[in-house]
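A short worksheet on the structure shown next.
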Amino acid sequence: MIDTAIKIIKIILIVLITSCTSKNDVKVVDLKVSDHIQIDSLYPEMKSLYDFCVDDDNSIYILDYGKRNIYIIDELGNNRSFGAKGTGPGEFLSPGSLYLFNNHIYVYDIKNKSINIFAKNGDFINREALDFCPRFCQELNDTSYIGFNFDVIEKANKLIMTSHLVRIGQGLFRQTIVENNICESSNGISYYDDDVFFPFTIDKKNGILFYAPNSRNDFKVIRKDTNSGEEQIYLSKPYLKIPYSEKDNENRMVFKIGNVSDETIKKDNYKKSINNLFLDSDGRLFIQVASKKDSITFEVYENSNLIEIINIDYPDGDYIVKMSRDKIYILDRERNIILVYSNF
């Protein structure tokens with residue numbers, strides 16, 4: 001009996017020592033801004049910044065929904081713009097998505113149900129019909145990219161909402177590679193804009209997709225081989241639920257489909273566990289996790305092991321986070337500014 005108790009104590013000590021050692025091995029970085037771009041100084045006519053993306057040359061492309069314009073700012077600070085409201089070549093009625101593919105700029109127009117394709121200098125190339133809006137698109141290879149989409153269908157007297165990751169190829173070939181059932185109801189559906197999206201990123205070199213299922217109760221990342229279709233859990237762990245701040249709730253947009261009263265709108269009091277996924281040039285996985293008030297936090301993983309935590313002091317508000325070529329970019333849509341963070 002005593003021997004058994006001693007063995008148990010030894011096991012507990014080993015676990016504690018291992019845990020402490022691994023915790024001490026994790027590097028913690030408080031990141032400071034290295035550069036910034038005041039967009040309304042470059043474009044005084046701007047109205048409402050909606051989305052942005054960054055290419056491998058550190059040129060930034062920004063979608064102004066109000067002006068129906070695309071702003072381009074290169075690494076040297078040179079800037080130009082293109083686009084207009086309308087239905088003609090290179091014009092948009094309701095631009096809903098901006099992304100880069102095959103060294104071209106793609107802008108999806110929701111009302112026209114089409115993709116407008118431009119050269120990097122803003123010259124219009126072509127328009128192609130597409131009956132859904134792919135969002136947060138990332139290049140998989142030279143012939144296809146992956147984008148997010150969601151839809152609501154009526155089946156057996158129920159409304160069913162599902163979200164998808166869709167592979168889109170030449171000739172606008174498309175294939176659903178991940179599907180996630182969000183909710184269903186016999187009356188109506190209410191949802192917040194951050195409910196439907198589940199984060200993903202792509203290891204283009206190896207054709208690997210990493211994605212985080214859309215859940216507030218799991219901290220989980222799935223690794224999917226887009227060639228073989230094989231899936232496995234890359235990372236799964238418990239996480240501390242963090243409540244929304246008052247500012248967070250002000251910026252959350254609620255949507256209603258069907259017969260939904262304000263009293264029955266679903267309310268979530270705590271944040272999703274994972275907000276974004278990114279890969280750096282060394283193949284390390286950056287996970288933007290739910291963080292405390294007025295901060296942005298990344299956990300950095302290598303081969304499923306936590307190696308670094310990056311903290312950015314930043315006020316809660318309406319902003320978008322992207323990463324490109326080992327730099328973190330924040331588009332603050334309230335302050336009309338892009339902040340750049342590097343050296344981490």
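A short reminder: the numbers here are calculations on the coordinates, not readings from a lab. Note that the coordinates shown come from a computational prediction; the quantities given were computed from them, not determined experimentally. Cβ: placed from backbone, ideal geometry, glycine included. Neighbour counts: every protein chain shown.
Its Cα gyration tensor gives the chain an equivalent ellipsoid. The semi-axes, each the square root of 5 times an eigenvalue, are 36, 26, 21 Å from largest down. Maximal additional length on extending the residue 292-residue 245 stretch stands at 16.1 nm, based on 0.36 nm per residue less the C-alpha distance. For region 156-208, applying the loop criterion from DSSP together with a ceiling of 16 other beta carbons within 10 Å to the trypsin sites (Lys or Arg not before Pro) yields 204, 205.
Pairs of lysine residues in region 180-321 that meet both criteria, 8 or more places apart or on different chains and Cα atoms under 12 Å apart, total 9. Site pair residue 152 and residue 343 shows an inter-label distance of 4.9 nm when each label is modelled 7 Å from Cα along Cα→Cβ.
The helix-based estimate of mean residue ellipticity at 222 nm for the chain, built from -39,500 (n - 2.57) per DSSP H run of four or more residues and divided by its residue count, is -3000 deg cm²/dmol to the nearest 500.
Please state the charge dipole magnitude for the chain, taken about the Cα centre, from unit charges on C-beta atoms (+1 on K and R, -1 on D and E), reported in debye and rounded to the nearest 20.
Dipole size: approximately 620 debye.
Would you mind estimating how fast region 272-325 diffuses translationally, via Stokes-Einstein at 25 °C and 0.890 mPa s with the Kirkwood radius over Cα pairs, in µm²/s?
210 µm²/s
Tell me which GluC sites (Glu not before Pro) from region 182-246 have a DSSP coil assignment and no more than 12 other beta carbons within 10 Å of their own.
Those satisfying the criteria are 230.
When both region 169-228 and region 275-344 are represented by their alpha-carbon centers, they are found 20 Å apart.
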